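One structure is given here, and the rest of the page talks about it.
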Amino acid sequence: MIQIESLAGIEQLDEILDVPGIGVIFLGPTDPATSTGEEGLPVNKILRSVAILLLSLSLWPSMTKVYGSDQTQNGNPGDVVISVSEPVAESAVVEEQSEESALQGRIRRQQQMELFNQQIAELESEFGPYDYRLQEPLRGITSLLVEAGDFEEVGSNLNRRLQLMHTSEGLYSLNQLPIIAEHITNDLRQQQWRSVTERFEYIHLIQTQNDVDSSTLINSLNDVRAWHLAAIYTDEPRRRIEHFLDSTEIQSNIISLAEKEFGEESEMLIPWLYEKAVEQHRVFAFLNSMDELGYDAARHISSREDRAAPSYLREGLQIVERIQDITETMNNPEAHAMAMLYVGDFQMLRREQTASRFGGRVASRRRGIAGRTYRRAMDMLREAGISEERIEAFFARPVVLPVAQFHLSLDAAIAQQEYSGYRVEASTENETGPDDAIHLGDFIALNESLPFARRPEPPELALPIATEPNAVVELRFRIDSVGKSRSPRIEQSTPDLARVQRDAKDAIESMQFRPRFERGRWRAIRNVTMRYLYPPPM
């Protein structure tokens, strides 16, 4: 049993509760008041402060009793006793909370809200309405409002917390970033997409006004770009092209900033350059959309730049070739070989668009120069010391092109595949073959209008928008020796609608795969599965 005799001790109660071996904590109002030179401070004020502190600790799960009385045994009026037991299991706490009725929850929130409001009133009376000390009770109120689902009031509460921060620390204080993050989460709940955009832009502005390193600055700008891409599948249709155009402009700004900071031949540019290459494929997907989105894309992108859709794939190839030039200076033979592999990928994507002697463009039935590039990449991997077994195993794994990220090693590329759910079930022990079962994992489309463009990861602060998909379709198909799917059939579909199944089949048939290379030849594979998803329309 221990006794706390000062307000400083009360303020450090969280750390004290972590000390092993404590069974009971005794708090009396007289000693803490005396420690501040305010002997005779009203008992109710001390009790209220203690109660608010306990609430701020989220009712520490090891506390089993918290009580006060007018006269405790051998004590003074207002003494508070905390009985501490061994910490209970988190699952037990969750189970106990789940048993709380709706009425009990409302009563508890109301009582807690009253305590916080009383503390706010006292702080405002003593220090004024803009004092930084108000942040703590306001934070407690935020949690209660979120729990109650009153998100409009959450926004008002967060606005006041930001106002306090601006008053005490200025408009560009880095300490306000957690509050802005809470604001973004709350805006996402209410589908206030324009506000989300403005808050990501404000975070970047704050970073520019502070002495942060270049990587932090570039990452904050990339969060704005990533949000614009995420908004393509959340915001209303008429704003999708605006978001995409904003993302492409920001992407160019990121590369310019990175070039200025790191140099035009720096390996630090590689992830940003590769993302720009992938973005050219997204433009291609936009321009090939057959609905209103495709019309808007043609009006805003193609006509403005006076370029045909295949030219964007050519630009993507040129960007990857620039990455290849950078890897040549890195003294990393495996990275240089991987760059050659990605050059082959974009050559395969361009292979799709060849001129027809009857006019227009048709899909080629040849690998063209991509096949030679892939073979060159294999030779370079051998020269880099990669075993024949690993090279063979890697090129026996077909993947959807373009892959989402640039990897500097085979191991990193395979790890990313397996993280996405990729798995191979060999048909014969210790040997691959055309009857192997290959599951390509999940493919999440950007939206219904862009069925064969992969959805990029949203920024971390926007992860709450990763809602349940509008459709989940499991397909089985084969991939031929030039990387095109054949005979897709539906294994399972949710919802079980003909339109959903047709969309999924069309998407698979529009995809380009890196073909399988095995025992010196490009080969078809008969047993491929994929889980195809696209997010719900908002």
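Quick rundown of the values:
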read-out: Residue count for the stretch 229-276, restricted to those that are within 21 Å of V320 (Cβ to Cβ), in contact with a helix residue (DSSP H, G or I) (Cβ under 8 Å, 6 or more places away or on another chain), assigned to a helix (DSSP H, G or I) and not hydrophobic (A, V, I, L, M, F, W, C); value: 10
read-out: Selection within the stretch 97-131 - within 21 Å of H166 (Cβ to Cβ), among the charged types (D, E, K, R) and touching a residue at least 24 places away in the same chain (Cβ under 8 Å); value: D131
read-out: Filtered residue count, the stretch 322-339, keeping only those that are surrounded by fewer than 22 Cβ atoms within 10 Å (Cβ to Cβ) and more than 29 Å from the chain's Cα centre (by Cα); value: 8
read-out: Contacts under 7 angstrom Cβ, first residue in the stretch 189-208 being in a helix (DSSP H, G or I), partner polar (S, T, N, Q), 6 or more apart; value: W193/T234; I203/S220; H204/S220; Q207/T216; Q207/S220
read-out: Residue in the stretch 363-373 that is surrounded by 15 or more Cβ atoms within 10 Å (Cβ to Cβ) and modelled with pLDDT of 95 or more present; value: yes
read-out: Failed condition for L134, given (1) free of Cβ contacts under 8 Å to residues at least 40 places away in the same chain; (2) closer than 13 Å to E182 by Cα; value: (2)
read-out: Of residues in the stretch 491-538 being within 25 Å of G371 (Cβ to Cβ) and of a type in the set (F, W, Y), the one nearest to the chain's Cα centre (by Cα); value: F513
read-out: Candidate set: the stretch 442-479, residues that are surrounded by fewer than 17 Cβ atoms within 10 Å (Cβ to Cβ) and under 20 Å from V403 (Cβ atoms); chosen: the one modelled with the highest pLDDT; value: D442
read-out: Residue list for the stretch 399-419, restricted to those being more than 14 Å from A335 (Cβ to Cβ) and part of a helix (DSSP H, G or I); value: I414, A415, Q416, Q417, E418, Y419
read-out: Residue in the stretch 130-137 that is hydrophobic (A, V, I, L, M, F, W, C), in a helix (DSSP H, G or I) and surrounded by fewer than 13 Cβ atoms within 10 Å (Cβ to Cβ) present; value: no
read-out: Residue in the stretch 220-236 that is surrounded by fewer than 21 Cβ atoms within 10 Å (Cβ to Cβ), among the charged types (D, E, K, R) and closer than 22 Å to A298 by Cα present; value: yes
read-out: H281 under 21 Å from E249 (Cβ atoms) and either outside any helix (DSSP H, G or I) or over 28 Å from the mean Cα position of the chain (by Cα) (or both); value: no
read-out: Of all residues in the stretch 149-163 being among the aliphatic types (A, V, I, L, M) and under 14 Å from P178 (Cα atoms), the one that is surrounded by the most Cβ atoms within 10 Å (Cβ to Cβ); value: L158
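Yes/no matrix, rows are residues, columns are (1) surrounded by fewer than 18 Cβ atoms within 10 Å (Cβ to Cβ); (2) closer than 28 Å to R307 by Cα; (3) modelled with pLDDT of 95 or more:
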{"site": "V212", "(1), (2), (3)": "yes, no, no"}
{"site": "S215", "(1), (2), (3)": "yes, no, no"}
{"site": "E242", "(1), (2), (3)": "yes, yes, no"}
{"site": "I250", "(1), (2), (3)": "no, yes, yes"}
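The values are calculated or read from the model by the stated rules, or taken from the named source; none is laboratory data. These numbers were taken from a predicted model, which means no experiment stands behind them. Neighbour counts are summed over all protein chains in view; Cβ atoms, including those assigned to glycine, are modelled from backbone coordinates with ideal geometry.
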